[in-house]
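Have a look at the structure below, then the notes.
Laboratory data are not the source of any read-out in this text; all were calculated from the coordinates shown. Since we're looking at a predicted model, the values are computed, not measured. Virtual Cβ from ideal backbone geometry, glycine too; neighbours counted across all protein chains shown.
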Amino acid sequence: MRSGDRVIGASGEVRMCVSIFTCTLLILSMVLFCGCNRSVQNGGELRVTIKSDPKTFNPLMAEDDSSDIVRYLTGGVLIRVNRKTQENDPELATHWTIDENGRRITLNLRPGVKFSDSTDFTADDVVATLKAALDPSLHSPKGDPLRAGGAATIQAQGKDKVSIEFERPIAGIERLFDEIAISPARMAGKADSSVVLGPFSVGEQKAGEYVLLKRNPQYWRKDNSGRQLPYLNAIRLYVLSNRDTELIRFRQGDVQLINGLSPDLYEQLHSEDASAARDLGPSVESEQLWFNEVPRSPLPEHKKAWFRSRNFRRAISMAINRADLARVAFRGHAIPSVGMVSSANRIWFATNLKPPSYDLNAALELLKQDGFHKDGDVLKDKTGNPVAFSLITNAGNKQREQMGSLIQQDLQQIGIKLSFVPLDFPSIAERITKTYDYDACMLGLTNVDLDPNGQANVWLSSADLHQWNPAQKTPATPWEAEIDKYMNEQASTLDRDKRKAAFDRVQEIAADQEPMLYLVDKNALVAVSPKVKNADPVVLTPQTYWNIEYLSLRE
Amino acid sequence: MTGARWAAIVLLAAVFLIALAANLFAPAPYAKQFRQDVNHSPTQAYPLGTDELGRDRLSRLLYGMRISLLLAPAAALLSTVLAAIVGGAGAYIGGVWERAIKVVIDLFLSLPWLFLLLTVRALLPLDIPAVTSVLVTFALLGALGWAASARIVAATVRDLRNAEFVLQARASGCPPLRLLLRHMLPNVKPILIAQFWISVPLFILTEANLGMLGLGVTEPLPSWGNLLRELENYGALSHRPWLWAPLISLLVVVSLFQFILSGEEYVS
């Protein structure tokens, strides 16, 4: 019996063990199942900041940064420029065709899509939105690039197809649809982002405090497992202009993502929490300086002659230690700039170009060719004028002010006296656009549009932002005429290889003539809270929440 | 005069002397960038470390003190003289002139001086040397900062004008110039001295404010104002306490001025 008991007892123990094991497995599976669910569950409110109240919720009128962020987060677009791959992704248009001469684009619309108020999305909505964008009386900044194609005929071809025919071809037209959020036909031109096709809609605004975006339950996109997107319930955009306060709130957990950290704040955060601070590498933001080459400027003739000289500009460029600018002023979070296109622009950057070398002897040699000579420690031109000029920039920008001091010492080494003058921005604008009473100016530039056409407003000699000599009736120099030719050439063909070749040539001429001395390309510095799941920040705006649909919050 | 006040005067004089002899005490030229030693901690070579451009912080502090301590009293003197002339003359002459001067004083007090300074700086030629820019900044501070003092001077002179000893002097045929110099000026003097001492730290702080905005004294010249800009990076202050040096020295100097001033007020 004892032995039998033992046997029975043993089998009972085995059964008990099996039961315990089964229960454990069951509990584990439940925990894991719940855990998996929780990792991408709906809910949660993401908190980020905007610098000011949005000036408008009308996506076609968004011009300031805050309005543009709301547009990005709420607007459903036909074609999206993928911020990671920089290629065009289908969104509300599943596919599209551009005809041979590039004047007509036909877009096939995604079926079964609904607006956030549950009304159907149809071709009529696209037609009405595009007509509003192209309406000259609306002055839509988002419609401006489309108007470059002249008068347009927009037609719905059934419920799911739209064609747009322009007078003139627009190269890279697909990218322009990334900016145009489609609104219901009844609201076209006067939409307020409350009825949307994007992942969120505007829910509430408290001026000076926040804008609350609520989840669009009708959003068309689903994740790989068929789950409805977006994961988040809401996004609260705090209105906060002070970057220090923004970082404090990030540390307190009140803000979960920060775009565009300054190098100082990045270093602070990195020293406290290395995983939260992320340096994404070179962005499309650059710092550059240019000399005043405007013929009607009130500068003395000898200065005008210096600034128009390619040798002078190149010599100054070679005398500036760009590596030090990046290392000292940006604490290593920048790289010496190659030229007009940042290396972050994967498609259009001319890979054969290199940053100008830092070489004081070569700089002096170039200057000698133009008759400059050293008289003791002072560099003089061929008529004996000591080489001295002023460099203006906007006061209050720490990195720019530091760059000014560094350049001041760099140029001192070749005998040039630089007066560095930070001014308030209105004074700078007055000087560089109206009076032209300045020698050189240093400012930053962000190439929001990666396409070469986005730079036409700077590089065409007739452009108002052709800063060194704006709004020329005819090109002032042969090389500017050549740039005009290649810029127009790339704009008039749809062949990407031909466009690339033409734009590469523009970059080469710009690097050879250096009317703009590109100094550094700034790195994209962001902060990402460990609470945010699926964050995959990129260098293009909006850096941390470009994939907003997929972001979720950990509990 | 109390011993404590004497001690304050001696201390302030010592600070002045050290600042005046900055070139003797400074370990390096104030503008020299040691780019390999950016943001260096204090060492023997750099007693207060280096700034974000690799410049020796102690040298910049000494030269910055020299600029602020020399030019702030000069600006204070200018504003006090202007206050004495405008406020004193208006009140002494009386009538329409006094009312007109009052209006001018009110006008100057209501001027947004910061924007005025910004505008004047923007109108100046861009290629003026840094030293000239400093002189212009402090001259502007002095030329714009007289109104508050003028109002006090005017009130004092108005009281004196009707004082019995002045009326008696006038009745006995004392000529106006003698009346002004022998009878009124000695009585206004303590007010003017007090106004001078009040203005000195005020102008130092005003220049510091301008420096914090990136205006005022331009690079590479140091001043208390642009040295204080390092405090903007307050996250670094806890583990780099030497960054407090410009603020502490400014507080010490302003406090010494205030301490001496309280004695002057007592005397007056």
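When we measure straight from the Cα of A:Lys304, which lysines land under 24 angstrom away, once same-chain ones fewer than 8 places off are left out? Leaving aside lysines fewer than 8 places away in the same chain, those within reach of A:Lys304 are A:Lys368, A:Lys374, A:Lys380, A:Lys382, A:Lys417, A:Lys434, A:Lys473. The stretch between A:Asp359 and A:Lys222 holds 43.8 nm of extra length on full extension. This uses 0.36 nm per residue minus the Cα-Cα distance. Here A:Thr433, A:Thr544, A:Thr383 are placed in order of increasing Cβ neighbour count within 10 Å, fewest first, which gives A:Thr383, A:Thr433, A:Thr544. Whole-Hz Karplus values for region A:249-265 come out as 5, 5, 4, 6, x, 7, 10, 10, 9, 10, 9, x, 5, 6, x, 5, 5 Hz, taken residue by residue from phi with 6.51 cos²θ - 1.76 cosθ + 1.60 and θ = phi - 60°; glycine and proline positions read x. Per residue of peptide A:388-397, the mean number of Cβ atoms on other chains within 10 Å of the residue Cβ is 3. 3J(HN,Hα) couplings calculated from phi for region A:501-517 with the Karplus curve 6.51 cos²θ - 1.76 cosθ + 1.60 (θ = phi - 60°) are, in sequence order, 4, 5, 6, 4, 5, 4, 5, 5, 5, 4, 6, 7, 8, 6, x, 10, 8 Hz; Gly and Pro show x.
With helices as the sole contributors, the protein assembly as shown gives -13500 deg cm²/dmol at 222 nm; each DSSP H run of n ≥ 4 counts as -39500 (n - 2.57), and the sum is divided by every residue. Once the Cα-Cα distance is subtracted from the 0.36 nm per residue extended length, the B:Leu70 to B:Gln44 segment shows a gain of 6.5 nm. Taking amide H positions as modeled 1.01 Å from N, with prolines and chain starts lacking one, the residues under 5 Å from A:Phe420 and 5 or more places away or on another chain are A:Leu391.
Computed from label points 7 Å out along Cα-Cβ, the spacing between B:Asp37 and A:Ala274 is 2.8 nm.
Counting Cβ atoms of other protein chains within 10 Å of each Cβ in A:419-427 and taking the mean gives 6. When you count the other C-beta atoms within 10 angstrom of each residue and take the mean per peptide, B:40-49, B:251-260 line up highest first as B:251-260, B:40-49. From the alpha carbon centroid of region A:369-423 to that of region B:11-83 is 24 Å.
Karplus-derived 3J(HN,Hα) values for region A:142-148, using 6.51 cos²θ - 1.76 cosθ + 1.60 with θ = phi - 60°, are 7, x, 3, x, 6, 5, 4 Hz; glycine and proline are entered as x. What you get for chain A, charging only the Cβ of Lys and Arg (+1) and of Asp and Glu (-1), is a dipole of about 980 debye around the Cα centre. Using a cut-off of under 15 Å, list every residue of region A:182-206 whose amide N is near the label point 7 Å from the Cα of A:Asp124 along the Cα-to-beta-carbon line. Residues A:183-188 qualify, since their backbone N sits under 15 Å from the label point. Per residue of peptide A:317-329, the mean number of Cβ atoms on other chains within 10 Å of the residue Cβ is 2. Close Lys pairs in region A:55-187 (alpha-carbon distance under 30 Å; sequence gap of 8 or more, or different chains): 16.
From the alpha carbon centroid of region A:451-519 to that of region A:256-301 is 24 Å. Put a dot 7 Å past the Cα of B:Asp159, heading toward its Cβ, do the same for A:Asn457, and the two dots end up 6.4 nm apart. Take the Cα of B:Trp113, step 7 Å toward its Cβ, do the same at B:Ile85, and the gap between the two points is 1.8 nm.
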